Amino acid sequence: MNLENVYFFNGTAYAGKSTMVHLLAEKYNGIECGENYHDALLPELDKAEFPCLTYTRDLEDWHDFIRRSPEEYERWINGVTKECEILELRILNDLIKKSPVDKKIFVDTNICPETLHKISDEHHVMIMLAAPEISVNRFFERPDKEKQFLYKLMLEEKDPQAALENFRHCLERINSVDNYKAFETCGFPVNYRDEKLGIQGTLELVEKALNL
């Protein structure tokens, strides 16, 4: 698979990955593979092969999703990440075959740095980081439907404050300092969320790092 026109964005929550992917695809008339773009394949997945990704597909009571312990949530997220990697590579392979040879593809990815080192290079991967407390505390500030749906579920719980606190601990597990440092030292260019820099300033730094 030839990935010379594919640019990957990984990192922590609330760091600006999806924003950069959207802006770059728009600016370079490229293809945008936004957050959770693998969802298009969910209906056809086999439960035995993709147990984590299919967990929510047939969920009867979505309150069970938010009631899991931080340990259960972390195991599920780690499993989802591994399964997403399989799907993303499958989607990208098909996308590259169908796209013009000079078409750039920008990907908000779940593919881990270890795999990215095998399939790409430092000028095609950007790690975007927000401080762990930002990733946790501002999680529900995003307007997307999925996050607001989860927030609504917690407010419906018998003890909404306890439900919110439990989910906060879930977020802390996957946005830990250790995970942050692992991204920071993975060997790819890193961009740190900087409110003062703004979107345009961040875009310029990202373009420079990726030789765009």
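Between Lys103 and Thr185, what is the spin-label point distance in nm, taking each point 7 Å from the Cα along the Cα→C-beta axis?
Output for this residue pair reads 4.0 nm.
Quick check: Cα centre of the range 51-67 to Cα centre of the range 87-112, how many Å?
For the range 51-67 versus the range 87-112, the Cα centre distance is 28 Å.
Probe radius 1.4 Å, ligands and nucleic acids ignored: give me the carbon and sulfur share of the accessible area of the range 1-115 as a rounded percent.
Within the range 1-115, the accessible surface is 49 percent carbon and sulfur.
Using the Cα gyration tensor of the range 78-178, with a ≥ b ≥ c the square roots of its eigenvalues, what is the shape: rounded (a/c below 1.5), prolate (a/b larger than b/c) or oblate (neither)?
prolate
Have a look at Ala25, Gly79, Leu45 and report the one farthest towards the positive end of the charge dipole of the range 22-103, computed about the Cα centre with Cβ charges (Lys/Arg +1, Asp/Glu -1).
Ala25
Solvent-accessible area per residue for the chain at a 1.4 Å probe radius, Å²?
Numbers: 11600 Å² over 212 residues.
On a per-residue basis, 55 Å².
Could you sort 32-42, 90-100 so that the peptide with the highest average Cβ count within 10 Å comes first and the rest follow in order?
32-42, 90-100
Enumerate lysine pairs in the range 79-210 that are 8 or more residues apart or on different chains, then count those whose Cα atoms are under 26 Å apart.
Lysine pairs meeting the criterion: 22.
Does the range 120-183 come out rounded, prolate or oblate by the C-alpha gyration tensor, with a ≥ b ≥ c the root eigenvalues, rounded set by a/c under 1.5 and, if not, prolate when a/b is larger than b/c and oblate if not?
prolate
Evaluate E = 1/(1 + (r/R0)^6) for His22 and Lys118, where r is the Cβ-Cβ distance and R0 equals 25 Å; express this FRET efficiency to the nearest 0.05. List each step's numbers first, then the result.
Numbers: r = 27 Å, r/R0 = 1.07.
Once rounded, the FRET efficiency stands at 0.40.
Can you tell me how the range 13-131 classifies by the Cα gyration tensor, rounded, prolate or oblate, using a/c under 1.5 as the rounded cut?
On the way: a/c = 1.96, a/b = 1.58, b/c = 1.24.
Judged from the Cα gyration tensor, the range 13-131 comes out prolate (a/c at least 1.5, a/b above b/c).
The values are calculated or read from the model by the stated rules, or taken from the named source; none is laboratory data. Everything numeric here is computed off the predicted structure, so don't read it as measured data. We place every Cβ from the backbone using ideal geometry, glycine too, and count neighbours over all the protein chains shown. Accessible surface areas use protein heavy atoms only, side chains included; no ligands, DNA or RNA. Shrake-Rupley method; radii C 1.70, N 1.55, O 1.52, S 1.80 Å.
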